[in-house]
Amino acid sequence: MLHFYNLFVLTIAHYLLSQGITPILPYKRPMTKAGFFKKCEYVYDEFYDDYICPHNQLLRYVTTDRKGYKVYKSNPNDCENCPLISQCTLSQNHQKIVTRHVYQESMDQVEDIRHTIGIKAIYDKRKETIERLFGTAKEFHQMRYTNQIGLEKMHVKVGLTLACLNIKKLAKIKKKQGQRYLDCWLKLIKFDKLNRKRQTHQILLVGLSAV
């Protein structure tokens, strides 16, 4: 689940930047076991496309998996007698593996944006906008659990829920701006519903009289 979340965030960051949109994403602490080196302690060499471990040994690029993660591996002969191996890996073949996504540069750019002056004030609005809507969706629109099976059905459910939330938000914004045509539009919808009910009632009466 965590792996899927990271992949999802990387894809979003890359897409937003490619569209010229500045993404302001939350920071997530790296989940490293106590007593082991963090990933940031392995230095990435952009020119040679390699990683350098804390003991100044190379982790060379090997392959790229289907999810877009580039795999870097150390030389077991270098690691076998390394004094820092207990802080590096528990691998039985004495080999350290580090992965880097092809969109990692986009995520690095997002991290730079997060430290830009004035961004924190914008990020604070998140709790008033995005998080608030997400809480409303969970509390009043059954987004805590689902009775749907399959990714396609979930896309439809989430899409409709978000559309409803956007319409509600738009209605509130327009009402605050004092736009009278919105009230007229809502009255027309109610009138249309009443009209349909009357037509249905008349059809039923005609059907009963015919019987």
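The values are calculated or read from the model by the stated rules, or taken from the named source; none is laboratory data. The shown structure was predicted, so the numbers you read here are calculated from the model rather than taken from an experiment. Cβ sites come from the backbone with ideal geometry, for glycine too, and all protein chains shown count toward neighbours.
Name the residue, out of K73, K127, K120, that is over 21 Å from Y15 (Cα atoms), surrounded by 11 or more Cβ atoms within 10 Å (Cβ to Cβ), of a type in the set (D, E, K, R) and at pLDDT below 90.
Just a single option satisfies the conditions, and that option is K120.
Among the residues of the stretch 61-90, what is the count of those that are outside any loop (DSSP other than H, G, I, E, B), touching a Leu at 6+ places or on another chain (Cβ under 9 Å) and in contact (Cβ under 8 Å) with a residue 24 or more places away in the chain?
Residues in the stretch 61-90 being outside any loop (DSSP other than H, G, I, E, B), touching a Leu at 6+ places or on another chain (Cβ under 9 Å) and in contact (Cβ under 8 Å) with a residue 24 or more places away in the chain: 3 in total.
Could you tell me whether L165 is farther than 20 Å from K28 by Cα, aliphatic (A, V, I, L, M), free of Cβ contacts under 8 Å to residues at least 60 places away in the same chain and surrounded by fewer than 15 Cβ atoms within 10 Å (Cβ to Cβ)?
Against the criterion (farther than 20 Å from K28 by Cα, aliphatic (A, V, I, L, M), free of Cβ contacts under 8 Å to residues at least 60 places away in the same chain and surrounded by fewer than 15 Cβ atoms within 10 Å (Cβ to Cβ)), L165 does not qualify.
Restricting to the stretch 27-60, count the residues that are in a loop (DSSP other than H, G, I, E, B) and in contact (Cβ under 8 Å) with a residue 40 or more places away in the chain. Walk me through how you get there before you give the answer.
In the first step, residues of the stretch 27-60 are kept if they are in a loop (DSSP other than H, G, I, E, B); the result is 27-38, 42, 46-49, 53-57.
If we keep only those that are in contact (Cβ under 8 Å) with a residue 40 or more places away in the chain as well, we get 27, 35-37, 42, 53.
Residues that pass the stated criteria total 6.
Restricting the search to the stretch 91-142, which residues are part of a loop (DSSP other than H, G, I, E, B) and either of a type in the set (A, V, I, L, M, F, W, C) or over 19 Å from K70 (Cβ atoms) (or both)?
Listed by number, the residues that qualify are Q92, N93, H94, V102, H115, T116, I117, G118, T129, H141, Q142.
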